[in-house]
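The values are calculated or read from the model by the stated rules, or taken from the named source; none is laboratory data. Every value quoted in this text rests on a predicted model; they were computed, and no experiment measured them. Every residue, glycine among them, receives a Cβ derived from its backbone with ideal geometry; neighbour counts consider all protein chains shown. Ligands, DNA and RNA are excluded from the accessible area calculation, which covers all protein heavy atoms including side chains. Shrake-Rupley method; radii C 1.70, N 1.55, O 1.52, S 1.80 Å.
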Amino acid sequence: MNITRNNVDALNAIVTIELAKEDFQGNVDNVLKNYKKNANIPGFRKGAVPMSLIQKQYGTAVLFEEVNKLLQENLNKYLNEEKIDILGNPLPVAKDIDWNADTLSFDFELGLAPEFTVDLGAKNKITKFNIVADDAMLEEQVEFIQKQYGKIVSKEKSEEGDDIRVKVSNEEEGISNETTFAISDVRTKTNQKKFIGKKVGDVVAISTKGLFEDEQKLANVLNIDAEKANGLDVEVAFEITEINTTEKAELNQEFFDKLFGEGVVTTVEELKAKIKEDAEKQFASQGDQKFTNDVVEFLIESTDFELPATFLKKWLQTAAEKPLTEEEANEEYVKSEKGLRYQLIEGRIITDNNLQITFEEIKEYTSKLIKEQMAQFGQLEPAEADVDNIVSRVLTNQEEVRRISEQLMQEKMVKLFSEKVNAKVKEVSYKDFVKEAYEA
């Protein structure tokens, strides 16, 4: 057997494997002998079928199979030993083979991974947002919690901030529903005023156009399809059947203990501090995600390297469950090129910064996740033996191991980016973060 490589260019190569008859003939003969022992052919006793008949019936198929096994095994071994970094899989080059020749020659196309460097410290315009819960948000959250745990009280006349139960109807459009919504859900102050000062039994006739912030809310209130609600402009009757308000829960020790456990919070200031702490943990996760997305986009744009595009398009035609046409493969390549580029960049970052994950790290990280989940259900100090048992069960599931490994690697990448990427740090409220990071 002889294996050689011809580098067509920096991104493409041809590997040629030459097989002498002695490389595969022994395997072929052994398989045919086993066939002969077990063959059941009418007119012959089991094991007494002539080898010439076995050869005629099975010889070609066995030859193909044994040669293919030998090619795959030795091609993979060659790529590993030579440390050749390829994209996709080797593609056999179609050519006529004389299967009776003393030496068989096979060619395989390779798409080679490009050589490049990743500069995490390069100049950029990335902003890393430090999102804080400001005083206005804390006041809103305190009021929200008070209402959430407050007491619902029926009223005779509606006021701003009340909830109303209504019968909704428009006979022409086939609209008939009974539902509840807050007056504050109505989009404009002008329309809100039409529901204020009303009593049970009063009817408000109002246009559906722009009545709520989005069509989905309108669809829910009218009990119609969102598609029908989109752009709907008809007059609908709202007959008020019930008016309710929420008396906010009093900010006292009984309320604090109900929320956080006995004695954990004792003042409004401590309540706000707890809300702030919990909110900013969530904000940090959103800020990290935005920061990571921006770094990824920057690295894809700024890290310059070529890909073996022609090879990859050809490989895509054969890689899917259903073979793709040339046009379909070209479209798929365009859709996947960006993702492939980042896979290569991420792989280089992991190698350059030694970010490999050990099984011990996966166990520790899984233990941490489980403890966090248990704490959410009030188990603040679970027994280590209980946690270890759960960890052991979780890690028998390969899909869970893969998911947890990806989550751990994501955290390592965020930490690395935070240390090495020269981003501008900006402190913002959550509302300003949404406005600056997404609405623009």
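Can you say whether K217 is buried (at least 16 other Cβ atoms within 10 Å of the Cβ), in contact with a helix residue (DSSP H, G or I) (Cβ under 8 Å, 6 or more places away or on another chain) and among the basic types (K, R), as far as the supplied structure shows?
yes
Would you say E280 is farther than 30 Å from E411 by Cα, among the charged types (D, E, K, R) and either surrounded by 13 or more Cβ atoms within 10 Å (Cβ to Cβ) or in contact (Cβ under 8 Å) with a residue 60 or more places away in the chain (or both)?
Working: farther than 30 Å from E411 by Cα: no; among the charged types (D, E, K, R): yes; either surrounded by 13 or more Cβ atoms within 10 Å (Cβ to Cβ) or in contact (Cβ under 8 Å) with a residue 60 or more places away in the chain (or both): yes.
Judged against the criteria, E280 is not a match.
Within the stretch 105-113, is there a residue that is open to solvent by less than 40 Å² (accessible area, probe 1.4 Å), in a loop (DSSP other than H, G, I, E, B), in contact with a Ser or Thr (Cβ under 6 Å, 6 or more places away or on another chain) and in contact (Cβ under 8 Å) with a residue 12 or more places away in the chain?
no
Every residue in the stretch 168-188 that is modelled with pLDDT of 95 or more and either of a type in the set (D, E, K, R) or loosely packed, with under 12 Cβ neighbours inside 10 Å (or both), please.
E178
Six or more apart or on different chains, Cβ under 6 Å: which pairs go from a residue in the stretch 226-254 that's free of Cβ contacts under 8 Å to residues at least 24 places away in the same chain to one that's not in a loop (DSSP other than H, G, I, E, B)? Could you list them?
If the second residue must be not in a loop (DSSP other than H, G, I, E, B), the pairs left are A226/E215; A226/Q216; A226/A219; A229/E215; A229/L218; A229/A219; N230/E215.
With respect to K123, is the statement that it is of a type in the set (K, R) and either part of a loop (DSSP other than H, G, I, E, B) or out of contact with any helix residue (DSSP H, G or I) (no Cβ under 7 Å at 6 or more places or on another chain) (or both) true?
Details: of a type in the set (K, R): yes; either part of a loop (DSSP other than H, G, I, E, B) or out of contact with any helix residue (DSSP H, G or I) (no Cβ under 7 Å at 6 or more places or on another chain) (or both): yes.
Here the answer is yes, as K123 does meet what is asked.
Search the stretch 47-59 for residues that are within 11 Å of V28 (Cβ to Cβ) and pair each with any residue that is open to solvent by less than 90 Å² (accessible area, probe 1.4 Å) and of a type in the set (F, W, Y) when their beta-carbon atoms are under 8 Å apart and the residues are at least 6 apart or on different chains.
If the second residue must be open to solvent by less than 90 Å² (accessible area, probe 1.4 Å) and of a type in the set (F, W, Y), the pairs left are Y58/Y35.
Select from the stretch 73-95 the residues that are open to solvent by less than 80 Å² (accessible area, probe 1.4 Å) and outside any strand (DSSP E or B) and write down the one among them that is nearest to K37 (Cα to Cα).
In this case the residue turns out to be N74.
From the list Q289, Q282, exactly one residue is closer than 16 Å to K426 by Cα, among the polar types (S, T, N, Q) and not in a loop (DSSP other than H, G, I, E, B). Which is it? Give the steps one after another, and end with the answer.
Numbers: Q282 fails: closer than 16 Å to K426 by Cα.
Going through Q289, Q282 in turn, just one is closer than 16 Å to K426 by Cα, among the polar types (S, T, N, Q) and not in a loop (DSSP other than H, G, I, E, B): Q289.
Examine the stretch 143-154 for a residue that is open to solvent by 30 Å² or more (accessible area, probe 1.4 Å), in contact (Cβ under 8 Å) with a residue 40 or more places away in the chain, small (G, A, S) and part of a strand (DSSP E or B), and state whether such a residue exists.
Yes, the stretch 143-154 contains a residue that is open to solvent by 30 Å² or more (accessible area, probe 1.4 Å), in contact (Cβ under 8 Å) with a residue 40 or more places away in the chain, small (G, A, S) and part of a strand (DSSP E or B).
Take the residues in the stretch 365-396 that are in a helix (DSSP H, G or I), more than 23 Å from the chain's Cα centre (by Cα) and of a type in the set (D, E, K, R), then tell me which one is farthest from K412 (Cα to Cα).
D386
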